[in-house]
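Q: Once you've had a glance at the structure underneath, I'll fire off some questions.
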2 protein chains.
Amino acid sequence: MSDSRRYRIGFVGLGLIGGSLALALKKAGFAASITAWDIDSSVLGRAGDLGVIDSAADSIAALMQSVDIAVLAAPTQACESLILEMLKSPGGTICVTDVASVKGDLYRAVAASAPEAAALYVPGHPIAGSERSGVTAADAGLFEGHRVILTPDTNADPQALGLVQQLWTAAGATVQCMDVDEHDRVLAATSHLPHVLAYALVDALAKSPIRDDIFRFAAGGFRDFTRIASSDPVMWRDIALANRDALLAAMDDFCTHLDALRTSIADRDGVALERRFRSAKTARDEFARDLAMRDSGTI
Amino acid sequence: MSDSRRYRIGFVGLGLIGGSLALALKKAGFAASITAWDIDSSVLGRAGDLGVIDSAADSIAALMQSVDIAVLAAPTQACESLILEMLKSPGGTICVTDVASVKGDLYRAVAASAPEAAALYVPGHPIAGSERSGVTAADAGLFEGHRVILTPDTNADPQALGLVQQLWTAAGATVQCMDVDEHDRVLAATSHLPHVLAYALVDALAKSPIRDDIFRFAAGGFRDFTRIASSDPVMWRDIALANRDALLAAMDDFCTHLDALRTSIADRDGVALERRFRSAKTARDEFARDLAMRDSGTI
């Protein structure tokens with residue numbers, strides 16, 4: 001496989017992530033052509049007008065006949081049936097990948113229902129996003145400097161895996177592989193749990209008898225802490241349900257630590273309280289330092 | 001009392017908040033002079049060099065003899081004994097105020113131990129701060145456009161209350177009065193609880209067996225959500241203990257809502273889950289809109 005080869009890329013579902021990846025792959029010269037199918041055909045018209053895609057496919061089967069790499073970039077809840085439909089009509093496709101935030105459920109569905117095509121499927125998750133959504137928000141630079149986690153099965157076809165790695169590298173991302181269940185545990189901890197906590201906090205305050213004063217006197221720190229509670233409720237409902245087991249485990253672990261803090265406060269145990277606050281501060285300062293170095297390209 | 005009168009202002013404790021208020025009152029022409037006492041006398045030398053204060057007092061009693069308005073701006077844990085010492089030697093002071101984040105404990109200590117001087121005491125809390133601390137970080141514009149909550153007793157001396165209102169208005173803040181227990185409940189909900197949640201989350205993740213991957217793959221959203229876990233552990237230990245009862249009640253209310261989300265996720269009840277996520281998003285979007293209008297001066 002030569003580095004200069006260009007590939008026909010197909011998208012099933014075309015929103016912010018699919019559209020941004022299409023633009024990035026065109027810009028990098030990795031894409032020979034971009035084809036897309038979306039359940040909402042008006043999206044394809046808009047994407048054509050914006051120059052995000054070269055052609056629209058009438059069906060998933062037609063799309064799979066005409067591309068080298070097929071990318072599933074649909075909402076979480078639709079992914080399971082779509083990935084099976086894609087894998088059951090692979091045509092001449094070299095590899096199939098996806099961008100879903102939860103990976104275990106798709107992995108298990110494919111293993112159970114399309115084991116013969118599983119080797120072509122390289123699950124992926126770009127750790128990037130935006131407050132905006134939809135193909136009109138597509139941005140060729142969305143993945144630049146971000147990480148993409150791939151969770152390939154041990155039986156994955158090496159050519160398929162290599163090609164998905166090349167695709168994300170061409171889009172400007174750094175690729176790392178991870179066990180599929182570890183991926184879901186890591187994302188439950190760093191993303192899904194914080195969203196649930198922010199939703200729970202704002203929901204609790206919104207139903208408080210002193211709601212008006214609470215929102216009147218909340219300031220910038222509260223705005224930052226609760227920003228993620230402004231995320232799309234349908235998308236997060238689907239992610240929470242798709243990653244149910246890992247999320248419940250993360251919630252329970254969090255509650256154990258919150259209970260310990262509650263006990264220290266109730267017992268007026270300043271020593272234990274300060275110890276836990278300090279341990280958290282140390283970890284968070286280290287993390288922020290590493291992230292700043294990562295953002296600046298130092299590591 | 002003429003608006004153009006200038007006052008001799010005294011500070012007990014001189015860090016970021018006291019130093020910033022001193023600079024703001026000098027700049028506004030409200031202060032005839034600034035005197036300060038601090039348990040760490042080296043702070044007073046630095047403050048003099050920086051032009052934050054005009055003179056240093058040898059003791060709290062000496063300070064109270066020579067000022068019109070005395071402001072307690074010390075760490076939470078020290079406030080109770082300091083406010084009593086101030087009120088027991090009022091000298092010619094017209095009013096005494098403070099800037100502590102928790103108000104009920106001080107209010108009750110004063111009512112119990114210095115009821116004869118309680119009328120002079122107007123508790124205050126500026127809703128402003130900075131990641132930085134200490135008098136060297138003092139900033140004359142720190143309170144500009146921010147809110148200050150006063151929690152005066154119904155027996156407060158009207159002249160004392162009026163003067164503390166003038167002082168904060170001169171510093172650029174908007175002043176609002178509130179019942180002392182409601183203040184502590186509001187702050188528990190909007191500030192103390194979010195800090196405890198952020199500390200609990202980072203503490204839980206730091207002790208996770210997959211800690212390294214968690215911090216490696218966490219991104220900008222996680223950084224924003226956990227920023228307050230980088231706050232000073234001693235300061236927040238003291239605030240949590242000072243506002244113990246209201247904070248425990250806020251934690252329990254939060255946990256009731258978190259449990260409800262847990263049940264919806266465990267039961268795969270997408271309807272209930274979406275309803276709560278959506279209610280939170282609506283409230284948070286409204287709050288963010290109001291805050292943006294407030295920041296821009298529209299309301």
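Read-outs throughout are calculated quantities, based only on the coordinates presented, and are distinct from any laboratory measurement. On a predicted model such as this, the values are computed, not experimentally measured, just so you know. All Cβ positions, glycine included, derive from the backbone under ideal geometry; neighbour counts span all protein chains shown.
Q: Report, as an integer, the average count of C-beta atoms from other chains found within 10 Å of each Cβ along B:239-250.
A: 3
Q: Relative to the other copies, what are the label-point distances for B:ASP49, with labels 7 Å from Cα along the C-beta vector, expressed in nm at one decimal and sorted shortest first?
A: Those separations, rounded to one decimal, come out as 6.5 nm.
Q: Put the label 7 Å from Cα along Cα→Cβ for B:SER130; what are its distances to the other copies, in nanometres, shortest first?
A: For B:SER130, the other copies' label points sit at 3.5 nm, shortest first.
Q: If you place +1 on the Cβ of every Lys and Arg, -1 on the Cβ of every Asp and Glu, and leave all else neutral, what size is the dipole of the protein assembly as shown about its Cα centre, to the nearest 20 Debye?
A: On the way: 56 positive and 76 negative charges, 162 e Å.
For the protein assembly as shown, the charge dipole is close to 780 debye.
Q: I need to check one value: relative contact order of region B:7-178, counting alpha carbon pairs closer than 8 Å and at least 6 residues apart, in percent. Before the final figure, lay out the partial values.
A: On the way: 374 pairs, mean separation 43.8, N = 172.
Contact order relative to length: 25 percent.
Q: Can I ask one more? Could you tally the net charge around B:ALA100, taking each other residue with its Cβ under 14 Å from the Cβ of B:ALA100, Lys/Arg +1 and Asp/Glu -1?
A: Numbers: positive: B:LYS103, B:ARG108; negative: B:GLU80, B:ASP98, B:ASP105, B:ASP184, B:ASP238.
Charge balance near B:ALA100 sits at -3.
Q: Mind ranking B:202-214, B:177-189, B:10-22 by how tightly packed they are, going by the mean number of other C-beta atoms within 10 angstrom, highest first?
A: On the way: B:202-214: 19.0, B:177-189: 21.5, B:10-22: 27.2.
So the order, starting with the most tightly packed, is B:10-22, B:177-189, B:202-214.
Q: Straight distance only, please: which aspartates and glutamates reach the Cα of A:LYS281 with their own Cα at less than 20 Å, same-chain residues fewer than 8 apart left out?
A: Reachable aspartates and glutamates: A:ASP224, A:ASP253, A:ASP259, A:ASP269, A:ASP290, B:GLU131, B:ASP203, B:ASP212, B:ASP213, B:ASP224, B:ASP232, B:ASP238.
Q: Non-local amide H neighbours of B:VAL148 (under 5 Å, H modeled in plane, Pro and chain starts lacking H): which ones?
A: For B:VAL148, the qualifying residues are B:ILE127, B:THR174, B:VAL175, B:GLN176.
Q: Output ³J(HN,Hα) for region B:74-85: one whole-Hz value per residue in order, computed from phi by the Karplus curve 6.51 cos²θ - 1.76 cosθ + 1.60 with θ = phi - 60°, and x for Gly and Pro.
A: Calculated HN-Hα couplings, in order: 10, x, 2, 5, 8, 5, 4, 6, 5, 5, 5, 4 Hz.
Q: Shifting gears a bit: Quick one: what are the phi-derived ³J(HN,Hα) couplings along region A:165-175, Karplus 6.51/-1.76/1.60 with θ = phi - 60°, whole Hz, x for glycine and proline?
A: Values per residue, Gly and Pro as x: 4, 4, 4, 6, 5, 4, 7, x, 8, 9, 9 Hz.
Q: Tell me the distances, shortest first, between B:MET235 and the same position across the other copies, using label points 7 Å along Cα→Cβ, in nm to one decimal.
A: 3.4
Q: May I ask you to derive the FRET efficiency for A:GLU85 and A:THR154 from their Cβ-Cβ distance with R0 = 25 Å, giving the value to the nearest 0.05? Write down the numbers at each step before the final one.
A: On the way: r = 25 Å, r/R0 = 0.99.
Rounded to the nearest 0.05, the efficiency is 0.50.
Q: Separate question: Lys and Arg at +1, Asp and Glu at -1: add these up for the other residues within a Cβ distance under 12 Å of A:GLY51 and post the number.
A: Details: positive: A:LYS26, A:LYS27, A:ARG46; negative: A:ASP49, A:ASP54.
Combined, the nearby Lys, Arg, Asp and Glu give +1.
Q: Dipole of the protein assembly as shown (Lys/Arg Cβ +1, Asp/Glu Cβ -1, origin at the Cα centre): which of A:GLY48, B:LEU63, A:ALA128 lies farthest to the positive side?
A: Going by the charge dipole, the pick is A:GLY48.
Q: Indicate, rounded to the nearest 5 percent, the antiparallel portion of the DSSP beta bridges found entirely in the protein assembly as shown. All intermediate terms of the calculation are to be shown ahead of the outcome.
A: Numbers: 6 of 50 bridges.
If we restrict to bridges inside the protein assembly as shown, about 10 percent are antiparallel.
Q: To the nearest 20 Debye, how big is the dipole of region B:133-196 about its Cα centre, given +1 on the beta carbon of each Lys and Arg and -1 on that of each Asp and Glu? Mind showing how you got there, number by number?
A: Numbers: 2 positive and 8 negative charges, 38 e Å.
In debye, rounded to 20, region B:133-196 gives about 180.
Q: Post the alpha-carbon centroid distance, region B:244-293 to region B:131-151, in whole angstrom.
A: 31 Å
Q: Given R₀ = 41 Å, what would the calculated FRET efficiency be for B:ARG5 paired with A:ASP232, taking r from the Cβ atoms and rounding to 0.05?
A: Numbers: r = 56 Å, r/R0 = 1.36.
So, using R0 = 41 Å, E works out to roughly 0.15.
Q: To continue, here is another question. Give the relative contact order (percent, whole number) for chain B; include only Cα pairs under 8 Å separated by 6+ residues. If you can, show how the numbers build up before the last one.
A: Working: 458 pairs, mean separation 47.4, N = 299.
Computed over chain B, the figure is 16 percent.
Q: Could you compute the net charge surrounding B:LEU273? Neighbours are other residues with a C-beta less than 14 Å from the C-beta of B:LEU273; K and R count +1, D and E count -1.
A: On the way: positive: A:ARG237, A:ARG244, B:ARG262, B:ARG268, B:ARG275, B:ARG276, B:ARG278, B:LYS281; negative: A:ASP203, A:ASP232, A:ASP238, B:ASP259, B:ASP267, B:ASP269, B:GLU274.
In short, +1.
Q: While we're here: Lysines near A:LYS103 by alpha-carbon distance under 17 Å, same-chain residues fewer than 8 away left out - which ones?
A: none
Q: Another one. Using the Cα centre of region B:183-268 as origin and beta-carbon charges of +1 (Lys, Arg) and -1 (Asp, Glu), tell me which of B:ILE228, B:ILE214, B:ALA204 is placed farthest towards the positive end of the dipole.
A: Of B:ILE228, B:ILE214, B:ALA204, it is B:ILE214.
Q: Could you give the dipole magnitude of region A:7-178 about its Cα centre, charging the beta-carbon of Lys and Arg +1 and that of Asp and Glu -1, in debye to the nearest 20? Walk me through the numbers on the way to the answer.
A: Working: 9 positive and 16 negative charges, 58 e Å.
Around 280 debye, computed over region A:7-178.
Q: What FRET efficiency comes out for the pair B:ASP267/B:CYS177, r = Cβ-Cβ distance, R0 = 51 Å, nearest 0.05? Spell out each step's value before the answer.
A: Working: r = 46 Å, r/R0 = 0.89.
For R0 = 51 Å, the calculated efficiency reads 0.65.
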